[in-house]
1. Which chymotrypsin sites (Phe, Trp or Tyr not before Pro) does the range 99-183 hold that lie in a coil by DSSP with at most 13 other beta carbons within 10 Å?
2. R0 = 30 Å: FRET efficiency of ALA194 with ASP158, Cβ-based, nearest 0.05?
3. Cβ under 13 Å from VAL139's Cβ, VAL139 left aside: what net charge do those residues give with Lys, Arg +1 and Asp, Glu -1?
4. Each residue of the range 189-200 in turn: what ³J(HN,Hα) in whole Hz from Karplus with 6.51, -1.76, 1.60 and θ = phi - 60°, glycine and Pro shown as x?
5. Label-point separation (nm) for LEU166 and GLU65, each offset 7 Å from Cα along Cα-to-Cβ?
6. What is the spin-label model distance, in nm, from LYS111 to ASN147 if the labels are put 7 Å beyond Cα along the C-beta direction?
7. Only loop residues by DSSP count here, and only those with at most 14 other Cβ atoms within 10 Å; note down the trypsin sites (Lys or Arg not before Pro) in the range 146-209 that meet that.
8. Which loop-located GluC sites (Glu not before Pro) does the range 147-248 contain, where loop means any DSSP state but H, G, I, E or B and the Cβ has at most 13 other Cβ atoms within 10 Å?
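Every read-out reported here was derived from the displayed coordinates using simple, explicitly stated rules and does not represent laboratory data. Because the structure is predicted, anything quoted here is derived from the model rather than measured. Backbone-built Cβ (ideal geometry, glycine too); neighbour counts: all protein chains shown.
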Amino acid sequence: MDSDAPLVIIPRKHQSSPKEHWSEKELRLAAEEIDKGQFEVPQDENEFFNYGPTQFLARHPRVQEALAKLEKEKEEVNSQEAAEKAQMIWEINEMIQKPDHWDGEGRWIGKENEEMRVVNIMTPFTFIGKLEKVIGGRVKLNEFAVNKRAALLAWEIDWKTGNRTLKQVGTLQYPCSPEWMVMRFNEYGVPTTAKYLGWRTALLSMITLGVITEKEAHRAFPLQEGPASAWYREQLAMKRKPEGKYAN
């Protein structure tokens, strides 16, 4: 007999001493096989990409088959059981993606955190103009943007042969960028791609590559204290380098 009572789903992780479900067992066994080196991403898939822990576990046949079976079961049962299956699918995906959380990712979450970072907005042309006043023509802005991204380019010199090759050394958001990057998150709270690609990130890239020095970057774009700059300062502390291999 059908009931008019509201549908209530208690996630398995909140149930008292829940018995291991077959899908959880498959996920556990997949993780164990990866730890033991019994599963590797096929070479043709891994040739151009360095998969992180999430993508590695998600590609294990046990995990793929478990999710497919749960999806099929969800379609074949009543609304209460279907909701339970959907919850189980969500929990498996959440568990798979746990390794891809970032330390300190909360810095980008919430209206206040975003607003303090979406400041000092400028176009790529304004950015390159300010930079050129300090470093001259060492870096150039690409003539066109692709997917709302404008590349910053510099000549890489092979000191043995003297050959020069134009390389991308940074990226700016087009038609304009805020000062600081803001990440977007998926439904499991994992950072995915940049919602706003800050122009400080382009500076950080060029400093790391040795295209410009930290002193040059901050002479062109003075750095202010504050919580918005904390992550940037942490990255600088880890990546400080001397003058690099790029030149006019």
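1. Numbers: sites: TRP102, TRP108, PHE125, PHE127, PHE144, TRP155, TRP159, TRP180; in loops: TRP102, PHE144, TRP159, TRP180.
Those that pass, being in a loop and sparsely packed, are TRP102, PHE144, TRP159.
2. Working: r = 32 Å, r/R0 = 1.06.
Efficiency, rounded to the nearest 0.05: 0.40.
3. Numbers: positive: LYS130, LYS133, ARG138, LYS140, LYS167; negative: GLU132, GLU156, GLU216.
Net local charge, VAL139 excluded: +2.
4. x, 9, x, 10, 10, 6, 6, 10, 9, x, 6, 5
5. The answer from the label model is 5.2 nm.
6. Between LYS111 and ASN147, the label points sit 3.2 nm apart.
7. Values: sites: LYS148, ARG149, LYS160, ARG164, LYS167, ARG184, LYS195, ARG200; in loops: LYS148, LYS160.
When the trypsin sites (Lys or Arg not before Pro) of the range 146-209 are filtered for loop state and at most 14 Cβ neighbours within 10 Å, LYS148, LYS160 remain.
8. The qualifying sites are GLU187, GLU225, GLU243.
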